[in-house]
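The values are calculated or read from the model by the stated rules, or taken from the named source; none is laboratory data. Keep in mind that this is a model prediction, so the values were computed, not measured. Cβ placement follows ideal geometry from the backbone for every residue including glycine, while neighbour counts extend to all protein chains displayed.
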Amino acid sequence: MPEIRVTPLGAGQDVGRSCILVSIAGKNVMLDCGMHMGFNDDRRFPDFSYITQNGRLTDFLDCVIISHFHLDHCGALPYFSEMVGYDGPIYMTPPTQAICPILLEDYRKIAVDKKGEANFFTSQMIKDCMKKVVAVHLHQTVQVDDELEIKAYYAGHVLGAAMFQIKVGSESVVYTGDYNMTPDRHLGAAWIDRCRPNLLITESTYATTIRDSKRCRERDFLKKVHETVERGGKVLIPVFALGRAQELCILLETFWERMNLKAPIYFSTGLTEKANHYYKLFITWTNQKIRKTFVQRNMFEFKHIKAFDRAFADNPGPMVVFATPGMLHAGQSLQIFRKWAGNEKNMVIMPGYCVQGTVGHKILSGQRKLEMEGRQVLEVKMQVEYMSFSAHADAKGIMQLIGQAEPEHVLLVHGEAKKMEFLKQKIEQEFRVNCYMPANGETVTLPTSPSIPVGISLGLLKREMAQGLLPDAKKPRLLQGTLIMKDSNFRLVSSEQALKELGLAEHQLRFTCRVHLHDARKEQETVMRVYSHLKSILKDHCVQHLPDGSVTVESILIQAAAHSEDPGTKVLLVSWTYQDEELGSYLTSLLKKGLPQAPS
Amino acid sequence: MTPLTSCRMKHLTDTSHGVRNKCLQLLGNLGSLEKSGTKDTEGLATRDVQKIIGDYFSDQDPRVRTAAIKAMLQLHERGLKLQQTIYNQACKLLSDDYEQVRSAAVQLIWVVSQLYPESIVPIPSSNEEIRLVDDAFGKICHMVSDGSWVVRVQAAKLLGSMEQVSSHFLEQTLDKKLMSDLRRKRTAHERAKELYSSGEFSSGRKWGDDAPKEEIDTGAVNLIESGACGAFVHGLEDEMYEVRIAAVEALCMLAQSSPSFAEKCLDFLVDMFNDEIEEVRLQSIHTMRKISNNITLREDQLDTVLAVLEDSSRDIREALHELLCCTNVSTKEGIHLALVELLKNLTKYPTDRDSIWKCLKFLGSRHPTLVLPLVPELLSTHPFFDTAEPDMDDPAYIAVLVLIFNAAKTCPTMPALFSDHTFRHYAYLRDSLSHLVPALRLPGRKLVSSAVSPNIMPHEDPSQQFLQQSLERVYSLQHLDPQGTQELLEFTIRDLQRLGELQSELAGVADFSATYLQCQLLLIKALQEKLWNVAAPLYLKQSDLASAAAKQIMEETYKMEFMYSGVENKQVVIIHHMRLQAKALQLIVTARTTRGVDPLFGMCEKFLQEVDFFQRCFIADLPHLQDSFVDKLLDLMPRLMTSKPAEVVKILQTMLRQSTFLHLPLPEQIHKASATIIEPAGESDNPLRFTSGLVVALDVDATLEHVQDPQSTVKIQVLYPDGQAQMIHPKPADFRNPGPGRHRLITQVYLSHTAWTEPCQVEVRLLLAYNSNARIPKSPWIEGGEVSPQVETSIEGTIPFSKPVKVYIMPKPARR
C-alpha cells in the first residue's frame, strides 16, 4: 500500500526548531532545519539520530528544503550538514540564500563569543554549508531527481519566504513554512493554486486567533509610540533582525515623515544594514506598492532610522529603539530592557509571538518581577504592550489557504497543542478532511491511492470517439483494449495491435449458457416469444430473428431446444464472445427471470 | 433562424473548444426564448436556448464554460429574462478551478440576484430559508477573498450595486468576529468608540485594552462564515490596490443607500485615508464626501482625516478640502483642530490658499454655534487690553476671518465680540473677497449692500418674467421704423447683460439672447448703411463697416453655437440661419466693392452650396422658418441657380431687407462656458528669467465651467510680444473633474524664445476649439457618398473664453 509518512523532529505541537521528515513514494525529504529559542542545551537542535544512528545522512535523505531564513527554520543547518554530515542538495529561495548566512553568523557569534559555548559550528562551516544550497525561484519546478520535483509558492511572512510543493508522480505534499494571508507594508499575501495535494502541512501559530483589521493595528501601534515619545519616554521594540523589523521600520519611517517628528529612531544591530541591502535588491519579492514606487524611491532607504550604539541607551530624552532578538531571551534587546524597565514612562512593545520560557513571554503574561541570572530580581515598571504584528496567518487565513489548495489531508505543525486541537476540530468539521497534529518524533502514516497514468494508443482512442458522442462525465463508458505493462510503463492498445506486438495468435473465447424456460409450446413459438420479448426490452440493440430458428442480439446467439427429459421445459442456449460479456450476462439474467405471460 | 439554430446545435458538440466557444457566442447573440421550431429533426429544438447554454456550464474546457456564462449574460443584456434555475448552476461554478470562469460566474449570480431579489432559497445543511439576494450577497462576499485578484475586483465591484440586501447582512461585511485564544475580543474600532463615549479618550492610558472578554463556545465559532462576514474588511486590506479601490467604491454606493451602514463604515473609510497608494486615498476621500450628508465625524476620526492634510499630493489635499466643506463636526474642539490643521497646511503649501479659504467658508457657515465660543481665542482679543492689529495681507489671518464671518452670518451675537479693526477688515474683505465673505448685519451700521443681501434677494420668478417680457417686446416690434427698432434692441441688450451679471442662474440665457439680439442689431445697422444707395465704386471705405459687421456676426454665431452647453437643435437652426444671413451680407458687400465678375462666380456658387447644405441639414425644421430669409431664398432657388452673379446679389439684397426677424426659442438649461486662470496671477513684477533657446515651465491652473469634453476642446494660447502665437494642447490627465459641470486644468506650459534685451510680458489665455462638423446633425443621406459639402462646411476654429493673463518673462542670452 503506497503511503506518505510524516515525522516532525521539531515543531510538532510546538513552536521553534522546525524540522519535519516526509517520506513520499520512497523519497525522503527534510523540511526546514531550525533551532529552538527556548533551550540552550542539546534540545535546541532537532535530534538527527532519529534518521540514522551512525554514518552520514546523505544516504537517507534525498533533499532538504528551507522555507525561509528565520533561525527557527534554518538555525541548525550548519550543524546538520557539517557536523552531522549531509552532502545532498539544500533548496531555498534566492533571498533566503542571501540572508540566511548573515543570520547564522550572528547566531554563532552570540552563542560562541557571548555565551562561550564550545563545540558549536564555525564560520567556515556556515560557508561550506551554504555551498550546498541550490536556489529555487517562485513557481519554478525543480527536478531533484528523475521522480522527485519541488515547486515554490509565495508565502508572505518575510522576504523570500516560500511554500513548497513536493511531488513524486501523482502524489504530492505541500509544506507552507510560515506564511501570511494578509498583505502588509512591504510584503504581499501568500498564494497557492488549486494543486489538490495529498497532504498539506501547515503552520498554526495563530490557530485560535482571528485578527483585527491590520489598519487598526497599525494605528494603535503608531499612537502608542507617538504618545510615549511625546511624554519623553523611551520605546523599546524587540524584533527579529529581519522580517517584522523592516515592516515596523517602514511604518515608523512614514509616520515620522508625515508627522514631522524629531525623536531619534535607532536600529540595534549592524547585521540589519547588511540585510537591508538585500531587501533593497530583492524588490520583486515585495508587495505591489514597493514594486511600483521603487524607481522613484526605494522604501528600504530609511531617512529617519539610524544605527544604534550601546552608549545611546543612556541618553536622555525620548527615543525609539528596535533591538534584537525579538523574544527578549538574550542579546541587546534584553540589555536595553534591563536598563529601561525601571521607568514607568518607558514602554516595551512586543510585536510578535513569544516562546514559553523567554523573558518576553513572562512579561506578556503579566509577571512584574523577573528573576535574572545571578539571583537578581528585576522589577518591571515600564509599560508592556503586546501587538500582534507577526506575519503569520490567523485562523481565518489558515482556513483560506486550505480552501485554496484543497488538500486531501491536513497536518498541523508549528503551534501549541491546545490551540491546534481547536483548529483541527474546525478543519475536520468544515472541509471534511482528516487532520493530524503529531508531536515531535511521532509518525503519521497516510495511505494514498496514487493514480497510475496509462498511455492509450491514438488509434484506439479515435475509434472509440467515432463510436459515440462526446464523453459524458456522468455516464461510464466501456472501452475494450489490451493493457501492456512493459518497462514500468503502461499502455492501452487495441487487441489486434497487442497481438501483433507480442506475436501471439488470436484465440476466441466464447461463453455459452443454458437457460431453462417453462414453456409448453413449440420451440418455434418459444423462440418467437423470446424474440418479441427481447425486441421490446432492448430497443437500442439490433435484435434479429434468423430463418434457421435462432435469435441474435448484436452478435449474441440464442437458440431454443426442447428439454430431452421434460418436454414442458425449453432450453435456451445463449452464446456470446468475450467482447460482448456485458451484454451477454445482462441477457442471461434477463432470460432467467422468465418470459412475461402471453396476453392470450 | 431555424437552420442557423440547428447548424449551431451540430457544432456545439464539436471536439474543438474553439468551435464550441464561437457557437455559444452565436447563441448568446441570436438565441431567443421561444422554442426554436418544434419540427426540428435534431430533437434538441424543444429545449430552449437557456437550457442548451446551461448544459455547457459543465463542459470539460474552461474556455467553453466561460463562453457559456458569457452567452448567458449576453442573453440577459439583450433583454431576455433569465430563469431562476440558473442560479444554482452558477453557484456551483463559483468554486471552479479557473479564474475566468469564476469571474464570469460572479457576474451571472449578480444578474440573477437583481432579477429575483425576493425569491426564497434554502440554506444547504439546514432547513432555514433566506432571500435570494441575501444568499447571492453572501456568496459574492465570499469571493472577495478569492485566490485570484481579477475575481476579487469583480466581486468587490458588484457588491456595491446590491442595494436590496438586508441591513444585517450588510453590516456583517464590516464585522470580522475577532477572537483571541478562543475569547471574544472587541475590535479596536469598538474600543475607540467606547473610550470616546466614556470620556476617557484623551487620557490615552487605557489603549491596551486588548484583553479578551467572554469565553466563547468552541463549537459555535465558524471560521469560514458562508455569509458576508468581513468581506469589506478583507477587501479594504487587499494586496492589490485595484481591489481596494473597488471595495471603496462599493462601500460608497452601499453607504449612499443606507445611512446606518454609512455610520458604520466610517471607521473603515477613515482608515483608508492612510493607504499607501495615492489613488486609493483619493478615492476614499471622494467617497467620504459623497456620503458626508449621512454622517458626523467623531473627534478621533477627524484627527485621522486631518492628518492627511499634510500629504504632499495636491489632489489629495484639495479633495480633502472639498470633503471638509461638507463635513459635520460634532464639537468645538473639532472645529479648532480643523482650523489649526488647515492653517498648518496653508503655511506648508501656500498655493492651497483659495481652496482653504473656500473650505473655511463652508466650515464656518455650517457650524456657527461651534465657532462662537472660539471667536475670542481666534481673534486673540482680550477683555482689557487692546491687542496688536494683525496684518491684513496674511493669508492665515484672512482664513480665520473667513471662518468667523461666515459663522457670524447666522449667529447675530457674534459681531459683539469683534474689535474695531475686525470691522474695518470686514469692510475690506467684503469688497476684495466678496465670494468668500457674506454680507453681515453689523450693529450700528447699515447693511453693506441691500441688493445682494439674502433677505431682499429677488425671487427667481420676477427676473425670469422680466427676461421673457423684454424678449417678447423685441420680437413683437418687427415692423417699427428702423430707428426705433435699433434703440429698442440696444436697450434690451443692455438690460439682458446687466441681468446676466446680477442673476447668475439666468446668466446663460440672458447672455445667449443678448448675443443673438446683438447679431440682429449688427445686421440691421449694416443694411442701413448709405453704401447701398450709392454707386458701387465710390464707397470703398463705407463698406468697411458692413463687412466688419458681417465678420462679427459670424464670430458671434460661432460663440453661440459652441460656447454654450445645452443648446438644442432648434436654436442651432436659428444660429445657422443668422450665419447664412451674414454670409449673404458678405457676398453683397464683396459684390459691391470688387470689380470684375470672376471672383464673384466662385463666391456665388459657394453661397448657393451652403444654402443647399442648410436645407439638407435642417429639412425637418424648415416649416418653423416661415417667412424668413432662407424660406424666401429656397423659393427662389431654381431662379438663383441659373442667374448671373450680379443678379443673384441683387435678389439677395432685397431679400435680406425684407426678411423678418426670427424668434429665438429659449432653451431649458443653458450655460455659458467660462474659464478663469488662477495661476499665473499676473501680478508679479519679477520677470521669469531663463536662458534663451531653453524652455521654462510655467504652471497654469485654471477652473473651467460648463465646458463639455474639455480634454479635446480646451487649448492654451501663448502670445509673445512679437506677435508670435503658440497653441498648447494640455494632456487629458491634466484635467480634473471636481464636480458636475466643473473642471480644473492644472498643467505646465513650456515657454521659449530668443534672447530679449528687456523683460516683457507674454499673454496666456485659454481657447475653446470647435469643429462645426461635430454639431451638425447628420441626415442619413448625407453620409452616403456626398462628401464635398461636408468638407467645405467643416470649419475649425477657436474662441477665446478666458481673460488673458500677462506673464513677465525675460529670456537671457546664453552665456558663452
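Just a few scattered comments:
- Options B:Val340, B:Val329, B:Val371, B:Val375: the member that is β-branched (Val, Ile, Thr) and under 28 Å from the mean Cα position of the chain (by Cα): B:Val329
- The requirement of being modelled with pLDDT of 80 or more and surrounded by 11 or more Cβ atoms within 10 Å (Cβ to Cβ) is satisfied by B:Glu487.
- Given (1) closer than 30 Å to A:Leu200 by Cβ; (2) among the small types (Gly, Ala, Ser); (3) out of contact with any His (no Cβ under 8 Å at 6 or more places or on another chain); (4) buried (at least 21 other Cβ atoms within 10 Å of the Cβ), index of the condition A:Ser388 fails: (4)
- Pairing each residue of the range B:9-21 that is outside any helix (DSSP H, G or I) with any residue that is surrounded by 14 or more Cβ atoms within 10 Å (Cβ to Cβ), provided the two are 6+ apart or on different chains, yields C-beta distances under 7 Å for B:Asp14/B:Arg20.
- Candidate set: the range B:84-119, residues that are within 14 Å of chain A (Cβ to nearest Cβ) and not in a helix (DSSP H, G or I); chosen: the one nearest to B:Arg131 (Cα to Cα): B:Leu94
- Residues being within 14 Å of chain A (Cβ to nearest Cβ) and either among the aromatic types (Phe, Trp, Tyr) or outside any helix (DSSP H, G or I) (or both) - total across the range B:46-81: 5
One line per residue, one yes/no per condition, for (1) assigned to a helix (DSSP H, G or I); (2) within 17 Å of B:His435 (Cα to Cα); (3) in contact with a Pro (Cβ under 9 Å, 6 or more places away or on another chain):
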residue	(1), (2), (3)
B:Cys359	yes, yes, no
B:Leu363	yes, yes, no
B:Val371	yes, no, no
B:Leu374	yes, no, no
B:His382	no, no, yes
B:Asp391	no, no, no
B:Val400	yes, yes, yes
B:Ala407	yes, yes, yes
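- So A:Asp212, is it in contact (Cβ under 8 Å) with a residue 12 or more places away in the chain and not basic (Lys, Arg): no
- Residue check for B:Glu333: surrounded by fewer than 15 Cβ atoms within 10 Å (Cβ to Cβ), part of a helix (DSSP H, G or I) and among the charged types (D, E, K, R): yes
- Each residue in the range A:409-438 was checked for being in contact (Cβ under 8 Å) with a residue 40 or more places away in the chain and either in contact with a strand residue (DSSP E or B) (Cβ under 7 Å, 6 or more places away or on another chain) or not assigned by the TED database to the domain that holds A:Ser18 (or both), and 12 pass.
- Evaluation of A:His157 against (1) within 14 Å of chain B (Cβ to nearest Cβ); (2) touching a Ser or Thr at 6+ places or on another chain (Cβ under 8 Å); (3) touching a residue at least 40 places away in the same chain (Cβ under 8 Å) (one fails), failing number: (2)
- Checked against (1) in contact with a Ser or Thr (Cβ under 6 Å, 6 or more places away or on another chain); (2) outside the structural domain of B:Glu568 (by TED's automatic domain parsing); (3) over 30 Å from B:Glu505 (Cβ atoms), B:Phe629 passes all but condition (2).
- Hey, A:Lys339 over 20 Å from A:Leu222 (Cα atoms), in the same structural domain as A:Glu371 (by the TED database), touching a residue at least 24 places away in the same chain (Cβ under 8 Å) and of a type in the set (D, E, K, R) or not: yes
- Qualifying residue in the range A:211-233 (condition: over 24 Å from A:Ala263 (Cβ atoms), part of a loop (DSSP other than H, G, I, E, B) and among the small types (Gly, Ala, Ser)): yes
- Within the range A:223-237, the only residue that satisfies the criterion of being more than 10 Å from chain B (Cβ to nearest Cβ) and of a type in the set (Lys, Arg) is A:Lys234.
- Evaluating A:Lys274 against the criteria (1) at pLDDT 80 or above; (2) basic (Lys, Arg); (3) out of contact with any strand residue (DSSP E or B) (no Cβ under 8 Å at 6 or more places or on another chain) leaves one unmet condition, (1).
- Candidates A:Lys396, A:Lys426: the one that is touching a helix residue (DSSP H, G or I) at 6+ places or on another chain (Cβ under 8 Å) and within 9 Å of chain B (Cβ to nearest Cβ) is A:Lys426.
- A:Leu159 satisfies every condition listed in (1) buried (at least 22 other Cβ atoms within 10 Å of the Cβ); (2) touching a strand residue (DSSP E or B) at 6+ places or on another chain (Cβ under 6 Å); (3) among the aliphatic types (A, V, I, L, M) except (2).
- Selected residue (criterion: nearest to the other protein chains (Cβ to nearest Cβ)) from residues of the range A:457-470 that are at pLDDT below 70 and loosely packed, with under 12 Cβ neighbours inside 10 Å: A:Leu469
Every residue, every condition in (1) hydrophobic (A, V, I, L, M, F, W, C); (2) modelled with pLDDT of 80 or more, yes or no:
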{"site": "B:Ser6", "(1), (2)": "no, no"}
{"site": "B:Arg65", "(1), (2)": "no, yes"}
{"site": "B:Tyr87", "(1), (2)": "no, yes"}
{"site": "B:Cys91", "(1), (2)": "yes, yes"}
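- A:Phe302 passes every criterion in (1) out of contact with any His (no Cβ under 6 Å at 6 or more places or on another chain); (2) within 14 Å of chain B (Cβ to nearest Cβ) apart from (2).
- Matching residues in the range A:197-210 - criterion: being at the interface with chain B (Cβ under 10 Å from one of its Cβ atoms) and in a loop (DSSP other than H, G, I, E, B): A:Ala207, A:Thr208, A:Thr209
- Test: residue in the range A:31-47 that is under 24 Å from A:Leu423 (Cβ atoms), modelled with pLDDT of 90 or more and in a strand (DSSP E or B): yes
- Residue within the range A:326-340 that is hydrophobic (A, V, I, L, M, F, W, C), within 33 Å of the chain's Cα centre (by Cα) and under 30 Å from A:Ala189 (Cα atoms) present: yes
- Of the helices (runs of 4 or more DSSP H) that lie entirely inside the range B:586-690, those containing 3 or more residues that are under 30 Å from B:Leu489 (Cα atoms) and more than 45 Å from the chain's Cα centre (by Cα) span B:645-658.
- Verdict on A:Arg194 being within 14 Å of chain B (Cβ to nearest Cβ) and surrounded by fewer than 22 Cβ atoms within 10 Å (Cβ to Cβ): yes
- Entirely in the range A:336-382, the strands (runs of 3 or more DSSP E) that have 1 or more residues that are within 18 Å of A:Val229 (Cα to Cα): A:347-350
- Given (1) touching a residue at least 24 places away in the same chain (Cβ under 8 Å); (2) surrounded by fewer than 16 Cβ atoms within 10 Å (Cβ to Cβ); (3) farther than 30 Å from A:His186 by Cβ, number of the condition A:Leu148 does not satisfy: (2)
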